[in-house]
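Before we start, here is the structure in question, set down as structure tokens.
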2 protein chains.
Amino acid sequence: MLNNDVYKALSDENRRRILDILHEKDHTAGEIADQFTMSKAGISQHLNILKQAELVYAKKQGQYVLYSLNTSVFQEVVRWLMKFNKEE
Amino acid sequence: MLNNDVYKALSDENRRRILDILHEKDHTAGEIADQFTMSKAGISQHLNILKQAELVYAKKQGQYVLYSLNTSVFQEVVRWLMKFNKEE
DNA sequence: TAAGTATTTAAGTAATTACTTAAATATAAA
DNA sequence: TTTATATTTAAGTAATTACTTAAATACTTA
């Protein structure tokens, strides 16, 4: 079964907004932080929670860290939720 | 957009287990509580969170309260998650 | 009506969460 | 090298969460 961390990660509005931003295209940590009023440290902590849940990848590029979506984990959540809508 | 309460409701392991139990068939509050080691009051509070999130219905039947799934809200969560997997 | 059963509400608490600012680390550029 | 930029880590804190037990409410049955 799917990790509790994934659902916990998705339960925060700011983290879901980060996922929406990354859905558009890959972004560095700073580019993401620029779209929030929250401190960069706060965003970094949210990114870490998303990374732990394997919802995003982080790749160091020089002095930047480029974040991108890991779409495969979303499929697992969808699979669990789908069963409540269809007969199996 | 979908209510934050829904994601918050889904973020707890015990609440997801309650949803799995209700997916099987409708249950009274007591029948649900019997499947947990937690107090009945604790389960009642979880049921209330699921009800606020409109993930379940509650219907009083005599001295019992019968809980059942409200499948329509799941579809909204699935819709949000699906976009991370497919090109739109 | 009194007693029993089912459920919720209230009040309290320990643990967790979401932030903050300051300091640390890593890389780049002057 | 020093200074600037990007990001993370650490430490502290206020708010929220997930429970508990005890009391309240609602219904049923003797």
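The values are calculated or read from the model by the stated rules, or taken from the named source; none is laboratory data. In this text, all values refer to a predicted model and were calculated from it rather than measured experimentally. Note: ideal-geometry Cβ built from the backbone for every residue, glycine included; neighbour counts use all protein chains shown. Note: areas computed on protein heavy atoms with side chains; ligands, DNA, RNA excluded. Shrake-Rupley method; radii C 1.70, N 1.55, O 1.52, S 1.80 Å.
As an exercise: evaluate residue B:13 against (1) more than 12 Å from DNA strand D (Cβ to nearest atom); (2) within 13 Å of the chain's Cα centre (by Cα) and give the number of the one condition it does not meet.
(1)
In addition: If I filter the stretch A:61-87 down to residues being open to solvent by 50 Å² or more (accessible area, probe 1.4 Å) and within 15 Å of DNA strand D (Cβ to nearest atom), which single residue comes out as nearest to residue B:11 (Cα to Cα)?
Out of the qualifying residues, it is A:64.
Next up: Within the stretch B:48-72, track down each residue that is farther than 19 Å from residue B:4 by Cβ and within 15 Å of the chain's Cα centre (by Cα).
Residues satisfying the conditions are B:57, B:58, B:59, B:65, B:66, B:67, B:68, B:69, B:71.
In this structure, does residue B:37 turn out to be among the β-branched types (Val, Ile, Thr) and more than 23 Å from residue A:4 (Cα to Cα)?
Against the criterion (among the β-branched types (Val, Ile, Thr) and more than 23 Å from residue A:4 (Cα to Cα)), residue B:37 does not qualify.
Out of the stretch A:61-88, which residues are in contact (Cβ under 8 Å) with a residue 40 or more places away in the chain and of a type in the set (A, V, I, L, M, F, W, C)?
A:66, A:69, A:73, A:77, A:80
For the stretch B:40-60, which residues satisfy the criterion of being open to solvent by less than 70 Å² (accessible area, probe 1.4 Å) and among the hydroxyl-bearing types (Ser, Thr, Tyr)?
B:44
Right, here's the next one. Can you list the helices (runs of 4 or more DSSP H) found entirely within the stretch A:1-49 that contain at least 1 residues being under 24 Å from residue B:77 (Cα atoms) and away from every other protein chain (no Cβ under 14 Å)?
A:29-33
Among the residues of the stretch B:50-60, write down those that are within 12 Å of DNA strand D (Cβ to nearest atom), outside any helix (DSSP H, G or I) and in contact (Cβ under 8 Å) with a residue 24 or more places away in the chain.
The answer is B:53, and nothing else.
Test residue A:81 against the criterion of being in a helix (DSSP H, G or I) and within 11 Å of the chain's Cα centre (by Cα), and give yes or no.
Spelling it out, it is not the case that residue A:81 is in a helix (DSSP H, G or I) and within 11 Å of the chain's Cα centre (by Cα).
Pull up the stretch B:5-39, narrow it to residues that are hydroxyl-bearing (Ser, Thr, Tyr) and open to solvent by less than 50 Å² (accessible area, probe 1.4 Å), then point me to the one that is farthest from DNA strand C (Cβ to nearest atom).
B:7
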